[in-house]
Amino acid sequence: MDFDESILLSLAVKNIGPNNASNIFVELSTSDPYITFTDNLQNYPSVLAGQSVLATDAFSFTVADNIPDGHEVIINVSASDLFNTWNSYLIINGHAPVFTMGSIIVSDPEGNNNGLLDPGENATLTIPVTNIGNSMSSEATSYLSSSYPYITLNTTSDNLGVIDIGETKSASFSVSISPDATMGDMVDLEAVVNAEDLRCIKIIYSKHRLYD
């Protein structure tokens, strides 16, 4: 059960009693905010004693696009005939992508190539983005911003595409540091990665000291 999916649910019921059962209605319900049933009622015309009957694709529901990875959805199951009601439940785990971002790597081959941000340099900032969740992401994009007055963000976004489970992709940004920047300044950098419709979002806040 992945985020933003429409689910068809098959459900088997078993008659563990000594008598045959007929005209059994099974109703599913949940209070979980991430699930919306579109068909929650199914009739099982006959279930013989000791028999299991499977209703294929009998129930349907939609999954919210912001369901957390690993979230347990409890679905209540009520089976009734004219005289009795049997209550049970089932649990289905939700799956969604989860992004983590590694440390920022500075590349400055046009400067002194020391891997640090220096006044007057142009540099490329690379940030590894890993999907540690249990579902492939939709199209993902990374964004970079800063309030430091002496940095120019030549690129502020990088399209990462779909990120598979366990896959790492690198977000790259071109920046320029003004020659007027002061050695020792701390440059604030905020990186965001999100998938379509903001299903997944991760923000890192990093400060880099300027060197001469």
Practice problem: Keeping to region 84-104, report how many residues are modelled with pLDDT of 90 or more and either open to solvent by 80 Å² or more (accessible area, probe 1.4 Å) or closer than 28 Å to Asn20 by Cα (or both). | Solution: 8
Practice problem: Give the residues of region 36-83 that are of a type in the set (Val, Ile, Thr) and touching a strand residue (DSSP E or B) at 6+ places or on another chain (Cβ under 7 Å), sorted by residue number. | Solution: Thr36, Thr38, Val47, Val53, Thr56, Thr62, Val63, Val73, Ile74, Ile75, Val77
Quiz item: Residues in region 1-13 that are over 16 Å from Asn76 (Cα atoms) and in a strand (DSSP E or B): how many?
Solution: 4
Quiz item: Hey, any hits in region 48-71 for a residue that's surrounded by fewer than 12 Cβ atoms within 10 Å (Cβ to Cβ), modelled with pLDDT of 95 or more and among the β-branched types (Val, Ile, Thr)?
Solution: yes
Quiz item: Of these, Ile151, Ile163, which one is buried (at least 20 other Cβ atoms within 10 Å of the Cβ) and under 19 Å from Ile67 (Cα atoms)?
Solution: Ile163
Quiz item: Name the pairs: first residue in region 69-85 and on the phi < 0 side of the Ramachandran plot, second residue among the charged types (D, E, K, R) and surrounded by fewer than 16 Cβ atoms within 10 Å (Cβ to Cβ), Cβ to Cβ under 7 Å, at least 6 apart or on different chains?
Solution: Ser78/Glu27
Quiz item: Could you say which residue among Ser10, Ser31 is open to solvent by 80 Å² or more (accessible area, probe 1.4 Å), within 18 Å of Ile91 (Cβ to Cβ) and among the polar types (S, T, N, Q)?
Solution: Ser31
Quiz prompt | strands (runs of 3 or more DSSP E) lying entirely in region 125-192 (those with 3 or more residues that are aliphatic (A, V, I, L, M) and over 24 Å from the mean Cα position of the chain (by Cα)) | solution = none
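The values are calculated or read from the model by the stated rules, or taken from the named source; none is laboratory data. Since the model is a prediction, treat every value here as computed from it, not as a measurement. Cβ coordinates were reconstructed from backbone atoms using ideal geometry, including for glycine residues, and neighbour counts include every protein chain displayed. Heads up: the accessible areas ignore ligands, DNA and RNA and are worked out on the full protein's heavy atoms, side chains in. Shrake-Rupley method; radii C 1.70, N 1.55, O 1.52, S 1.80 Å.
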